[in-house]
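The values are calculated or read from the model by the stated rules, or taken from the named source; none is laboratory data. As the structure is a computational prediction, the values presented were derived from the model and not from experiment. So basically every Cβ, Gly included, is an ideal-geometry build from the backbone, and we count neighbours across all protein chains shown. For the accessible areas, the whole protein counts, side chains as well, though only heavy atoms, and no ligand, DNA or RNA atoms are used. Shrake-Rupley method; radii C 1.70, N 1.55, O 1.52, S 1.80 Å.
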Amino acid sequence: MSTYEQLQETAAYLKQKIGASPEVVVTLGSGLSFLGDRLTGAIHLPYAEIPHFPVSSVPGHSGKAVAGEMAGRRVLLLCGRVHLYEGYSAQEVCHATRAAVLAGADKVVLTNAAGAVWPHWAAGNIMLMKDHLNLQGTNVLCGPEDDRLGARFIDMTSPYDAQVRGRLKVWARGEQMALREGVYAGLLGPSYETPAEVRMLRGMGADAVGMSTVQETIAARQLGARVVGLSVLTNLAAGVSPTRLSHDEVKATAALVQEPFARFIEKVVELF
Ligand code: HPA
């Protein structure tokens, strides 16, 4: 359980270490935790030293926060997250996002690795999340209500900021960047989907499938923060891909797209 008081302690620690409130918080998913060296005046804060921060057990999630300046904005990078499939509660999964928002970051960027459900989409593409399907069987707003975090029955009509998406799409067109936009299905994992599940997800309106992000989006929206969600399509989903899926493939594609992805994140921070 992550209480409001614990969240405030984490937020106070972050503000004190950074010396200011962050404006933008960027969570970096599987194999994407490489952006820290692109911040000016970087301050490194290992998760293990941040009060109440859950620490991930997944290889490829290095587990530290890095604060600094990017595109003229004070940014807090969260390099690595914890997942429901590790056994963490939805509250624990959302602790870092909530604490960052309480510390002042009202702009939230959530990234993830995901599988694409369309055969004509390519591994390595970046997808702007325009909506999501929460298929994780839980919701971070379940449980005792604490209205200091916001209302319980929150509107989710527009979870991912449409204005920022619009600006990013215009920019991407100018750059001739193959930017996708679509619906992310968040599943529990940790096994990848079966081909039948991928067909079902396609029928439900999903464009990409992964195992994170949706709880953090809900928590950030409850606190009134605006959210941009980005999926790195590391593979074609099961049954769409001619090959078997592996975490190694996901990490290898994520490593290949580091450079364009890093540049895109800088644009997101600039245009947010
Ligand atoms: N399915 C679920 N999660 C993922 C995938 C996938 O195909 N690729 C990366 N994360």
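Out of the residues in the stretch 200-227 meeting the condition of being open to solvent by less than 20 Å² (accessible area, probe 1.4 Å) and in a loop (DSSP other than H, G, I, E, B), tell me which one is nearest to the ligand (Cβ to nearest atom). Per the stated criteria, the residue is SER212.
Among the candidates GLU259, GLU197, the residue that is open to solvent by 60 Å² or more (accessible area, probe 1.4 Å), free of Cβ contacts under 8 Å to residues at least 12 places away in the same chain, more than 18 Å from ARG81 (Cβ to Cβ) and not polar (S, T, N, Q) is uniquely GLU259.
Taken as a whole, the condition of being more than 9 Å from the ligand (Cβ to nearest atom), open to solvent by less than 10 Å² (accessible area, probe 1.4 Å), within 19 Å of TRP121 (Cβ to Cβ) and of a type in the set (A, V, I, L, M, F, W, C) applies to LEU230.
Regarding ALA103, is this residue aliphatic (A, V, I, L, M), touching a residue at least 12 places away in the same chain (Cβ under 8 Å) and in contact with a Lys or Arg (Cβ under 7 Å, 6 or more places away or on another chain)?
On the way: aliphatic (A, V, I, L, M): yes; touching a residue at least 12 places away in the same chain (Cβ under 8 Å): yes; in contact with a Lys or Arg (Cβ under 7 Å, 6 or more places away or on another chain): yes.
So ALA103 passes the test.
Give, as residue ranges, the strands (runs of 3 or more DSSP E) completely inside the stretch 26-128 that count at least 1 residues that are surrounded by fewer than 20 Cβ atoms within 10 Å (Cβ to Cβ) and of a type in the set (A, V, I, L, M, F, W, C). Even if it seems obvious, please write down each step before you answer.
Numbers: elements: 40-46, 64-70, 73-79, 107-116.
Hits in the stretch 26-128: 40-46.
All conditions but one from (1) open to solvent by less than 40 Å² (accessible area, probe 1.4 Å); (2) within 14 Å of the ligand (Cβ to nearest atom); (3) not in a strand (DSSP E or B) apply to ALA252; the one that does not is (1). Only one of the numbered conditions (1) more than 14 Å from ILE265 (Cα to Cα); (2) surrounded by 14 or more Cβ atoms within 10 Å (Cβ to Cβ); (3) modelled with pLDDT of 95 or more is violated by GLN16, and that is (2).
How many residues are within 16 Å of the ligand (Cβ to nearest atom) and out of contact with any Gly (no Cβ under 6 Å at 6 or more places or on another chain) if we restrict to the stretch 94-119? Step through it out loud before you land on a result.
Taking the stretch 94-119 first, the residues within 16 Å of the ligand (Cβ to nearest atom) are 110-119.
Adding the requirement that they be out of contact with any Gly (no Cβ under 6 Å at 6 or more places or on another chain) leaves 115-119.
Matching residues across the stretch 94-119 total 5.
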